[in-house]
Amino acid sequence: MATAALLFGTAATGTAAATTGLIGTAGAFSLGTAATTAGLGLAATSQIQQGRIAEAQGSFAEKVALRNQQALERQRLAEIEAGKIEEGRISRKERFVRAANIAAGAKSGGLLAGSSLNTLADAAFQFSLDRNIARRNALLRGQELSSRGDIMASQGRFAKSTGKARQRASLIGAGGSVLKGFA
């Protein structure tokens, strides 16, 4: 009988084994559910983190773009100032040329009339054109820099809004992952 008990077990031993088997199965089921829940939690957390990272990248891109816009604005002002300096340089050169022409006319003992007067008028007109071109070029370079700055700022604002949208989408995706796990 001891051999039979060893081979086949007793009713008490068999019941204990059967109970242990059920508990083991229930424990395995609980571990599987826990593992699935943990996996869903990790997937949801990962999606949320990706959204936060996207939002932070968007905010950073906006800050960089706004700083670049400020730098371009400073450069625009420097271009306009350089145009004013160039305009002043041309005016100074004009005064020297005019003085030289007047001196040449006085040296010849003649009055300023005829071709001498035409030369002075042409020189004054040419210098006036040069000054206007210098001013215009500086303003055009300044406008170009201002436009580039505006474009950069717009790109930065777009990057920030895209980051926020990706962050919201990650929250929705995380919620979807959790709900999919319960289905």
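Brief remarks follow.
- In segment 93-109 there is no residue matching the filter, namely being part of a helix (DSSP H, G or I) and touching a residue at least 40 places away in the same chain (Cβ under 8 Å).
- Verdict on A159 being surrounded by 18 or more Cβ atoms within 10 Å (Cβ to Cβ), within 25 Å of the chain's Cα centre (by Cα) and not polar (S, T, N, Q): yes
- When segment 75-102 is filtered for residues that are modelled with pLDDT under 80 and touching a helix residue (DSSP H, G or I) at 6+ places or on another chain (Cβ under 6 Å), only N101 remains.
- Criterion: touching a helix residue (DSSP H, G or I) at 6+ places or on another chain (Cβ under 7 Å), surrounded by 14 or more Cβ atoms within 10 Å (Cβ to Cβ) and at pLDDT below 85 - qualifying residue of A54, A61, A44: A44
- Check on G105, at pLDDT 80 or above, touching a helix residue (DSSP H, G or I) at 6+ places or on another chain (Cβ under 8 Å) and either buried (at least 16 other Cβ atoms within 10 Å of the Cβ) or of a type in the set (S, T, N, Q) (or both): no
- Options G149, G175: the member that is crowded, with 17+ Cβ neighbours inside 10 Å and in contact (Cβ under 8 Å) with a residue 24 or more places away in the chain: G149
The values are calculated or read from the model by the stated rules, or taken from the named source; none is laboratory data. Note that the structure is predicted; figures quoted are calculated from it, not measured. Positions of Cβ are backbone-derived with ideal geometry, glycine not excepted, and every protein chain shown enters the neighbour counts.
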